[in-house]
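All remarks here apply to the structure that follows.
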Amino acid sequence: MTATQDSASESDDEDDTFEEQRARVDKPMRRLFRQYGSLHRRPLGIGLGASLFAHTLALLPPFVLGLAVDAVFLQTEPYDLPLVPDSWLPTGQVDLFWLSAGIVAASFFLSALFQWGKGWGLSVFAQRVQHDVRADTYDAMQGLDLGFFADKQTGELMSILNNDVNRLEQFLNGGLGVLTQLLVTVLGVAGLLFYVNPQLALLTLVTVPIIAVFTHKFVQTIQPMYADVRSTVGRMNSRLENNLGGIEVIKASNTETYETDRVTDTSQEYYDTNVRAITTRVKFFPGLQLTAGIGFVITFVVGGVWVFQGAPGPFSGPLSVGNFVTFVYLGQRLIWPMAQFGQLINLYQRAQASAERIFGLVDEPTDLPEREDATDLVVTDGRVEYDDVTFGYGRDDDEDATVLDGVSFDLDSGEMLALVGPTGAGKSTVLKLLPRLYDVDSGAIRIDGHDVRDVTLGSLRESIGYVSQETFLFYGSVKENIAYGTFDATDEEIREAAKMAEAHEFITEFEEGYDTLVGERGVKLSGGQKQRVGIARVLLQDPDILILDEATSDVDTETELRIQRSIDRLVEDRTVLAIAHRLSTIKDADQILVLDDGEVVERGTHDRLLDAEGVYADLWGVQAGEKSALPNH
Ligand code: ADP
């Protein structure tokens, strides 16, 4: 059965890392309909309206059949259509027969037509809401600070944008469809049966709550089982992925048997959990059939006895053959929608949990709020000032987590600052604070006298260029990758930038030149080539301030020279903050800051620092090959 196959909300939520976010969301489903549903009222209205008509019309044939049996074939009762005046109806037997046939045919035809309208309306509605929600959620997520991303796994965030958003669609399409069918059918059947014979109707409808409780219980039982199945599938996938990725190691270390055993174990686990779920699942339909069957037999026996012997037991009044036929026929109509009752609840619960996660993410406050009165930063000189900056990555004020402690410096227009120090000293962290990837805990960072927290994020980041250790290439052409961030650049400008970055030559050697596809799935560029694409990107952007965290990757001497030349062009006339890996950068820097454990331990120019014979002089000695190891201090 499809009803409950791939689902489970409660168990999904057990170790939900979004618990905090979810707890903040109030009435998510109502919000979903208010915020998004109201934008697409037309398809929703068409879908629900058509569904109402389709399922109502589907109830007519059994009812008309009952009428015809009594009025046309047995001629024991008058032909009594509810809501239709008797004077409109023909009187002859044959005419009534054709009228009945006509009504039945028309109901089938129109019902099919409305089913189509229902399918169209609800699908379009669900798809549109899905699209809107996904776009908005992505946008909100992208606006969050990096600290948030450090806490969450990429897979978890992907899962919200994919699975959770899709679950909303499933509910809005499938769930709403089932809901209207269920409501219309149960209410319609109940109404007609009560109209025909209220006493027998009560007896027939007793199965409705029984089936409802039965399917609900079933869903409750099977949900955790499916959750187990899913988590074993997850484990199995990770294991397989891991093994295939590490196949070289497995072969080289001759651990094939060990790995085969491990895979067999997880596969066995999957088998066990799955079989458990299946044995429960296969009981559902026979159980449902049995319940429905018992209900049917009871209606059949009581109704049958009633017809040929008169009202049995507590019942009273007459029951015609036609009424009996209507009961037997319509009663059957209840079973299938009721069987979906469990699925409906399940779909709803899952959608609710998903909506909570989605809105929780959308509502997540950012740690880097833009001030209401923030103005656009206009860089005039490009002066950069760090004033007693203290910072730690932890969101809570944990003393031990301080990464930078009282870092201060003043950088004049066009000057270059080089940061030096051992790994983990906090060099990258100093640089990340300037474009506000994080905010300082205390102190301030100013550009031309403006606190970076007082200006708009967009204008701030636009004026700062960033050459990182590893240039990230998006899947697309080289051209697009160079123009990334400067989307209105002309081809000529892109070429010019590539030439300055010494990238033009290798790009034109590709068969498709600037249109060559790179990034994941594209041509793989070498580390040195990527760096130059990154430099071209920043050259094109032409920022006033530059952050340079150049790579230390091993490149041949010629490439190194080319990179150096392109960097020289890049740093010209800009204020530069660099993490110094190359000796040349250090030597020419206007200021050198030696960081250790988040504190500035030495500062000055190259010559002054060498004279001081401190940490810098030692580091320099090692790098320049004059000393083979650092002294112990
Ligand atoms: P450097 O660039 O000098 O090697 P970093 O600025 O990268 O040093 O790191 C300084 C300290 O901050 C290190 O202890 C590092 O573990 C920590 N750190 C760096 N990035 C993060 C992060 N995103 N979250 C938490 N801690 C971090």
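The values are calculated or read from the model by the stated rules, or taken from the named source; none is laboratory data. Only a predicted model underlies this, so the values are computations on that prediction, with no experimental measurement involved. Glycine gets a Cβ as well: all are built from the backbone with ideal geometry, and neighbour counts include every protein chain shown. Only protein heavy atoms, including side chains, enter the accessible area calculation; ligands, DNA and RNA are left aside. Shrake-Rupley method; radii C 1.70, N 1.55, O 1.52, S 1.80 Å.
Quick rundown of the values:
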read-out: Near pairs, Cβ below 7 angstrom, 6+ apart or cross-chain, from region 410-422 (away from the ligand (no atom under 14 Å from the Cβ)) to any residue that is open to solvent by 10 Å² or more (accessible area, probe 1.4 Å) and aliphatic (A, V, I, L, M); value: MET416/VAL571
read-out: Given (1) under 30 Å from LEU187 (Cα atoms); (2) at pLDDT 90 or above, number of the condition LEU334 does not satisfy; value: (2)
read-out: Among residues of region 515-555, those that are open to solvent by less than 20 Å² (accessible area, probe 1.4 Å) and among the hydroxyl-bearing types (Ser, Thr, Tyr), counted; value: 1
read-out: In region 435-449, the residues that are more than 14 Å from the ligand (Cβ to nearest atom) and open to solvent by 40 Å² or more (accessible area, probe 1.4 Å); value: SER442, ARG446, GLY449
read-out: Residue within region 53-71 that is polar (S, T, N, Q), surrounded by 12 or more Cβ atoms within 10 Å (Cβ to Cβ), under 19 Å from LEU330 (Cβ atoms) and touching a helix residue (DSSP H, G or I) at 6+ places or on another chain (Cβ under 9 Å) present; value: yes
read-out: Test: residue in region 462-474 that is over 19 Å from LEU570 (Cβ atoms) and open to solvent by less than 60 Å² (accessible area, probe 1.4 Å); value: no
read-out: Residue tally, condition open to solvent by 10 Å² or more (accessible area, probe 1.4 Å), under 11 Å from the mean Cα position of the chain (by Cα) and within 30 Å of THR429 (Cα to Cα), over region 122-146; value: 2
read-out: Residue match in region 103-111 (condition: part of a helix (DSSP H, G or I), in contact with a His (Cβ under 9 Å, 6 or more places away or on another chain) and within 29 Å of GLY47 (Cα to Cα)); value: yes
read-out: The one condition in (1) away from the ligand (no atom under 16 Å from the Cβ); (2) open to solvent by 20 Å² or more (accessible area, probe 1.4 Å); (3) at pLDDT 90 or above that LYS432 fails to fulfil; value: (1)
read-out: Single residue of region 376-401 satisfying the filter (modelled with pLDDT of 90 or more and among the hydroxyl-bearing types (Ser, Thr, Tyr)) that is farthest from GLU20 (Cα to Cα); value: THR380
read-out: Which listed residue is over 27 Å from LEU144 (Cα atoms), touching a residue at least 40 places away in the same chain (Cβ under 8 Å) and assigned by TED's automatic domain parsing to the domain that holds ALA190, from LEU67, LEU32; value: LEU67
read-out: Region 575-585: number of residues that are more than 15 Å from the ligand (Cβ to nearest atom) and open to solvent by 20 Å² or more (accessible area, probe 1.4 Å); value: 3
read-out: Elements of type helices (runs of 4 or more DSSP H) contained in region 567-623, each with 3 or more residues being of a type in the set (Gly, Ala, Ser) and under 28 Å from VAL555 (Cα atoms); value: none
read-out: Region 343-384, subset surrounded by fewer than 17 Cβ atoms within 10 Å (Cβ to Cβ) and of a type in the set (D, E, K, R), residue nearest to the ligand (Cβ to nearest atom); value: ASP367
read-out: Boolean, THR280 is surrounded by 14 or more Cβ atoms within 10 Å (Cβ to Cβ), within 30 Å of LYS217 (Cα to Cα) and over 30 Å from the mean Cα position of the chain (by Cα); value: yes
read-out: Tabulated pairs, region 310-329, first assigned by TED's automatic domain parsing to the domain that holds ASP70, second among the polar types (S, T, N, Q) and surrounded by 15 or more Cβ atoms within 10 Å (Cβ to Cβ), C-beta under 7 angstrom, 6+ apart or interchain; value: PHE315/GLN199; LEU319/ASN197; ASN323/ASN197; PHE327/THR204; PHE327/THR299; VAL328/THR299
read-out: Elements of type helices (runs of 4 or more DSSP H) in region 150-232, at least 2 residues being open to solvent by 40 Å² or more (accessible area, probe 1.4 Å) and more than 20 Å from THR299 (Cα to Cα); value: 154-159, 165-170, 176-196
read-out: Filter pass, ILE567 being out of contact with any helix residue (DSSP H, G or I) (no Cβ under 6 Å at 6 or more places or on another chain), under 29 Å from GLY421 (Cα atoms) and away from the ligand (no atom under 16 Å from the Cβ); value: yes
read-out: Candidate set: region 586-613, residues that are of a type in the set (Val, Ile, Thr), open to solvent by 10 Å² or more (accessible area, probe 1.4 Å) and within 16 Å of the ligand (Cβ to nearest atom); chosen: the one nearest to SER428 (Cα to Cα); value: VAL600
read-out: Any hit, region 571-593, residues being closer than 29 Å to GLU509 by Cβ, out of contact with any Cys (no Cβ under 8 Å at 6 or more places or on another chain) and aliphatic (A, V, I, L, M); value: yes
